[in-house]
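Each value in this text was obtained by applying a stated rule to the coordinates, not by laboratory testing. Values in this document were obtained by computation on a predicted structure and should not be read as measured data. Because the Cβ atoms are built from the backbone with ideal geometry, glycine has one as well, and the counts that use them run over all protein chains shown.
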Amino acid sequence: LANSSTDTLTYKMKDGSRIILSPNSNIYYTKEYGNIDRNLTLIGEARFNVAHDAQRPFIVSANGYTTTALGTEFTVDSYTKSKLSVRLISGKIVVKSTNRSPFEMKDQVLKPGQQLLIDDHFKTALLVDRQEKANNLKLADNVKSDEHKQEGGLQFDQTPLPQVFSKIEKLKGVIINLEE
C-alpha cells in the first residue's frame, strides 16, 4: 500500500483491520497476510484499527522495532529514520526491539493514552502517559510560581543530557525532540 498523495488514505485489510495511511507513507506485506500471519512493514506513519485474531497477532515493523497487537487501535510514526513514535489509542500493545534495532531495550507494554518515543541517536526510549502529562502540566504551574523564588532555576551536575531533557519534559509537560 502506498500513499503518495497529500491526504490520508484508508485501507480495509482482508482480516477486517483498518489502516489509515498518512501522506508519503508505505505499508508492505506478503500474499499470506491474514492466512498465515498479519505482519506488516511500515515506512512513514499510519494508524491501525486491528481486528481481533487470537491465532495471528498483528505485527507492525518500523525502523527495527515491532509493535504487536491482538485487537486494538494505535499509531506508529517512523518518518524520521532514527526516531520512532508509537501511541496507543485503545487496547494493549507491546513494542520490542529486534536484531535490526540500533539498541536493545526491554519490551514496552503500552496502555491506552500512552506514547513511546524511541530515539536511536541518544539510545533512549521514553514512555509518556497522557494523564501523567496532564498532571505534570498542573505541576509545571506550581513550579513556575516557585521559580521566581529560586535564583538558579534547575541545576544539573554531570547528568546525561537525555535525563536533563526528561526532567524538563516532566516539569513543563512537553515533549522534546532533537534532530541529529
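Structure summary
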quantity: Total formal charge among the other residues, if their Cβ is under 14 angstrom from that of Thr30, Lys/Arg +1 and Asp/Glu -1; calculated: +1
quantity: For the stretch 105-118, Karplus couplings with θ = phi - 60° (6.51, -1.76, 1.60), whole Hz, Gly/Pro x; calculated: 9, 5, 4, 10, 9, 9, 10, x, x, 8, 9, 9, 10, 10
quantity: Loop-located GluC sites (Glu not before Pro) in the stretch 19-107, at most 13 other Cβ atoms within 10 Å (DSSP); calculated: Glu32, Glu104
quantity: Descending semi-axes in Å of the stretch 65-104, equivalent ellipsoid built from Cα gyration tensor; calculated: 20, 13, 6
quantity: Between the stretch 1-42 and the stretch 56-70, the alpha-carbon center distance in angstrom; calculated: 13
quantity: Restraint check, Lys111/Lys172; Lys123/Lys167; Lys31/Lys96; Lys106/Lys172; Lys92/Lys172, Cα-Cα greater than 20 Å; calculated: Lys111/Lys172; Lys31/Lys96; Lys106/Lys172; Lys92/Lys172
